[in-house]
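Chemist: Structure incoming, see below.
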Amino acid sequence: MNETGLIADEEGKLRCFWHGGLADYRAYHDEEWGHPVRDDHRLFEKICLEGFQSGLSWLTILRKRENFRAAFAGFDFEKVAAFDDQEVERLLADPGIVRHRGKIVSTINNARRALEMKAEFGSLAAYFWRFEPDAQERPARMDYVTLKANPTSPTSIRLSKDLKKRGWSFVGPTTVYAFMQAMGLVNDHIEGCMCRQRVEGLRSAFERPR
C-alpha cells in the first residue's frame, strides 16, 4: 500500500487497503461492502454484528458470522426478540461467537426495539434509509486521508442519538458509521478502487425504501 490507500492484486487491480490481501476479507470488500441493502434481516444482522465488533476487528466477526447467524436464528428479529434468560445462557456457552453478556443481551433488546421500529415505519429499511446523508455532507473526494480521518459523520451522530432514544444499545456514532458504510448508505470505497464505480452504479439504481 502507498499513500493512496490502495493495494494491487496479482493482476494489478486496485482495491481499498483494509482487506489486506486476505481472500475472505477481499471477497467481503468486493461483493458486499458498500452495496445498498434493503433486507431487514441483513440490516439488523449488520448493526448487531457491528456492536459485537466493538473492541475487536471486523475480520474476527466476519469469520464467525455463520456461527452468529446460527446462534441468533438468522438474525430474524421477531425470533430473537423472544429469547429469554435460558437463551442468553445458551449463547454464553457457544464457543463459535463472541461470548460477551452485555452484547448478547443488547442484541435481544435491539430485536425488541426493531419490532417497534417495524411497526412504526413499516420496515427497518424505511427507517435507516431516511438517514442517507445529503450530497453536501459527503467529502468531495474519498481518498485515504479522508477515510482514515472520519470514523463518524454528522448523520451517524444523529442516527446514533435517535437509536439510543428509541432504546437501542451498542450503537455509538462510530459503530453506526461502519454500519452505514457496509450497508451502502454511503460509498466509502477510495477513489481508484476497482469497486467504487460499480458501487456508485448500484446506489444509483437502488430503489430507496419508503
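Each value in this text was obtained by applying a stated rule to the coordinates, not by laboratory testing. Please read these numbers as outputs of a predicted model, since none were measured by experiment. All Cβ positions, glycine included, derive from the backbone under ideal geometry; neighbour counts span all protein chains shown.
Chemist: Report, in degrees rounded to the nearest 10, the 0 to 90 angle that the Cα long axis of helix 173-182 makes with the longest principal axis of the chain.
Modeler: Taking Cα atoms only, the helix is inclined about 70 degrees.
Chemist: Compute the acute angle (0 to 90°) between the alpha-carbon long axis of helix 196-205 and the principal axis of greatest extent of the alpha-carbon atoms of the chain; round to the nearest 10°.
Modeler: 60
Chemist: Set the bar at 24 Å for Cα to Cα. Now go through Lys79/Lys161; Lys46/Lys118; Lys79/Lys103; Lys103/Lys165 and name every pair that lies beyond it. Don't skip to the end; give the middle numbers.
Modeler: Working: Lys79/Lys161 26 Å; Lys46/Lys118 16 Å; Lys79/Lys103 17 Å; Lys103/Lys165 18 Å.
Over 24 Å Cα-Cα: Lys79/Lys161.
Chemist: In whole percent, what relative contact order does the stretch 6-205 give with Cα contacts below 8 Å and a gap of six or more residues? Don't skip to the answer; put the middle values down first.
Modeler: On the way: 230 pairs, mean separation 60.7, N = 200.
Reported relative contact order: 30 percent.
Chemist: Taking K and R as +1 and D and E as -1, what net charge do the other residues with C-beta under 11 Å from the C-beta of Gly192 add up to? The partial results should precede the final answer.
Modeler: Details: positive: Lys13, Arg15, Arg141, Arg196; negative: Asp143, Glu191.
Once all neighbours under 11 Å are counted, the net charge is +2.
Chemist: For n ≥ 4 DSSP H runs only, could you compute -39500 (n - 2.57) per run for the chain, divide by its residues and tell me the 222 nm figure to the nearest 500? Could you put the intermediate results ahead of the total?
Modeler: Numbers: 12 runs with 112 residues, N = 210.
The helix-only estimate for the chain comes to -15500 deg cm²/dmol at 222 nm.
Chemist: A follow-up question, please. Report the relative contact order of the stretch 126-210, percent, no decimals, based on alpha-carbon pairs under 8 angstrom and at least 6 residues apart. Spell out each step's value before the answer.
Modeler: Details: 65 pairs, mean separation 29.1, N = 85.
Dividing the mean separation by the residue count of the stretch 126-210 yields 34 percent.
Chemist: Within 10 Å of each candidate Cβ there may be at most 10 other Cβ atoms; applying that plus a DSSP loop requirement, which trypsin sites (Lys or Arg not before Pro) in the stretch 115-179 survive? Don't jump to the answer; show the numbers that get you there.
Modeler: On the way: sites: Lys118, Arg130, Arg141, Lys148, Arg158, Lys161, Lys164, Lys165, Arg166; in loops: Arg141, Arg166.
Loop-located and lightly packed - Arg141.
Chemist: Check cross-link reach from Lys148 to the aspartates and glutamates: straight Cα distance under 15 Å, and skip same-chain residues fewer than eight apart.
Modeler: Leaving aside aspartates and glutamates fewer than 8 places away in the same chain, those within reach of Lys148 are Glu3, Asp188, Glu191.
Chemist: Relative to the first principal axis of the alpha-carbon coordinates of the chain, what is the inclination of helix 101-121, with its axis defined by its Cα atoms, in degrees from 0 to 90 and to the nearest 10?
Modeler: 90
Chemist: Return the equivalent ellipsoid semi-axes of the chain as a descending list in whole Å, where each equals the square root of 5 times an eigenvalue of the C-alpha gyration tensor.
Modeler: Working: eigenvalues 170, 86, 42 Å².
Taking √(5λ) for each Cα gyration eigenvalue gives 29, 21, 15 Å.
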